[in-house]
Amino acid sequence: MSVRTIGVVMNGVTGRMGYRQHLVRSILAINEQGGVTLSDGERVTLRPVLVGRNADKLARLAAAHGIPDHTTDLDAALADDGNLIYFDAQVTSARVKAVLKAVDAGKHVYAEKPTAESVQEAVTLAQAATAKGVKNGVVQDKLFLPGLLKLKRLVDGGFFGRILSVRGEFGYWVFEGDWQEAQRPSWNYRAEDGGGIVLDMFPHWHYVMENLFGRVTSVYAHATTHIPERVDERGERYAATADDAAYGIFELEGGVVAQINSSWTVRVNRDELVEFQVDGTHGSAVAGLRDCRAQHRAATPKPVWNPDLPVTARFRDGWQDVPDNAEFDNGFKIQWELFVRHVLEDAPFPYDFASGARGVQLAELGLRSSAEGRRIEVPAL
Ligand SMILES: NC(=O)c1ccc[n+]([C@@H]2O[C@H](COP(=O)([O-])OP(=O)(O)OC[C@H]3O[C@@H](n4cnc5c(N)ncnc54)[C@H](O)[C@@H]3O)[C@@H](O)[C@H]2O)c1
């Protein structure tokens with residue numbers, strides 16, 4: 001079978017996500033396995049064209065991986081007809097301008113989430129891509145996590161009966177940067193640079209809820225900045241102007257209530273960095289990044305409240321592991337393969353800019369809910 005190569009312009013590859021998940025774990029890994037296989041058996045390999053602001057950093061990164069193409073000139077990369085796809089993993093605040101340029105140049109566009117900082121801009125992106133007739137997609141990696149795939153299997157198999165509620169707990173302690181270096185980039189803690197946990201995480205929770213449990217119909221959120229000052233990459237103190245924790249309650253179609261805490265100021269006392277507990281009339285499950293445990297109604301213990309006696313029941317022992325029953329590949333890579341097939345042979349790809357815009361909408365309404373101290377309906381976009 002023949003092998004075809006297409007150019008992929010990658011902007012923001014010196015960053016955490018652009019480098020590790022998208023360049024190394026997706027594009028290079030796809031090439032190592034021989035490319036993406038189309039439905040007629042043809043194989044497509046991807047020629048990354050690294051774009052960024054710092055020529056030296058790009059050159060070093062390219063040399064480390066034997067990548068011939070790198071440039072600080074985005075326009076030149078977009079002018080090359082061999083480059084079919086533009087991918088953006090820059091800081092969020094730089095995304096819209098670059099993606100619009102790529103759309104204008106007729107490239108198919110794939111971007112990290114959130115697609116924009118405001119719903120208006122996110123909708124503009126979706127409309128521009130549709131008007132130009134280019135394929136568009138947004139990263140929704142959590143859907144491909146083994147734990148959530150197993151949870152989805154339980155939903156699809158009718159395990160829960162009627163789903164009543166979802167409880168999500170996400171977060172870990174991000175060091176302030178004074179006595180131990182922070183493990184996340186400082187822009188995430190400055191609102192003026194596109195930071196904030198609501199804008200960061202609500203788009204994730206939106207596609208998780210929409211794909212597993214149903215459309216989100218309302219949001220009530222309390223966002224706050226628990227740590228008002230942090231120390232940046234250069235060791236300088238800065239005002240943390242963005243929210244670093246958000247406590248959200250979401251109503252979903254069909255009456256499901258989802259309550260999700262997101263925090264960079266919480267110490268982990270759970271099995272995974274994110275966990276979702278789903279309770280239904282016929283059963284419950286707790287899913288993390290990799291694992292999923294379930295408890296059927298028939299195996300549900302009957303606790304009785306009596307604080308005068310020590311607890312003897314071992315509640316956690318009453319849950320059963322949901323088996324893998326499959327091999328799980330890296331979620332970012334799977335989504336890249338789907339997007340390439342979407343571009344080249346119109347294979348389905350539901351994770352488009354319109355769904356990205358709905359995620360940004362939930363973040364925007366979440367912040368408004370918090371500012372105004374009230375529950376807000378989520379209108380259809
Ligand atoms: N899908 C996920 O799970 C996930 C996780 C983390 C971050 N993200 C998203 O990925 C994007 C990048 O996040 P990251 O954590 O990799 O950030 P990062 O700071 O590590 O990388 C940012 C990249 O953008 C570039 N850049 C372009 N313009 C810039 C500017 N004006 N200021 C600073 N850097 C600029 C940097 O050079 C770098 O390559 C964000 O939009 C973020 O929301 C997604």
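For the chain, the convex hull spanned by the alpha carbon atoms encloses 167 Å³ per residue. Here the stretch 186-250 is treated with +1 on each Lys and Arg Cβ and -1 on each Asp and Glu Cβ, and its dipole about the Cα centre works out to around 180 debye.
Between helix 55-65 and the chain there is an angle of about 80 degrees, using the helix long axis and the longest principal axis of the Cα atoms.
Against the chain, whose longest principal axis comes from its Cα atoms, helix 197-212 is set at around 80 degrees.
In this structure, the residue pairs whose Cα-Cα separation is over 26 Å, taken from Lys57/Lys132; Lys57/Lys113; Lys57/Lys142; Lys57/Lys97; Lys113/Lys135, are Lys57/Lys132; Lys57/Lys142.
Straight-line cross-link reach from Lys152 at under 13 Å between alpha-carbon atoms covers these aspartates and glutamates, not counting any fewer than eight positions away in the same chain: Glu210, Asp291, Asp324. Across the stretch 197-263, Cα-Cα pairs more than 17 Å apart make up 48 percent of the total. The mean accessible area for residues of the stretch 1-132, using a 1.4 Å probe and ignoring ligands and nucleic acids, is 45 Å² per residue. Evaluated over the Cα positions of the stretch 135-234, the convex hull gives a direction-averaged projected area, one quarter of its surface, of 9.5 nm².
Placing one equal scatterer on every Cα of the stretch 114-160 and applying the Debye formula, the log10 ratio I(q)/I(0) at q = 0.33 Å⁻¹ is -1.14. The amide H of Arg47, built 1.01 Å from its N in the peptide plane, has Ile6, Gly7, Val8 as neighbours under 5 Å, considering only residues 5 or more places off or on other chains. When the solvent-accessible area of the stretch 19-165 is split by element, carbon and sulfur atoms take up 49 percent of it, the probe being 1.4 Å.
The values are calculated or read from the model by the stated rules, or taken from the named source; none is laboratory data. The structure presented is a predicted model; accordingly, all values stated were derived computationally and were not measured. Methodologically, a virtual Cβ is constructed for each residue, glycine included, from the backbone with ideal geometry; neighbour enumeration extends over all protein chains shown. Surface areas here come from the heavy atoms of the whole protein model, side chains and all, with no ligands, DNA or RNA. Shrake-Rupley method; radii C 1.70, N 1.55, O 1.52, S 1.80 Å.
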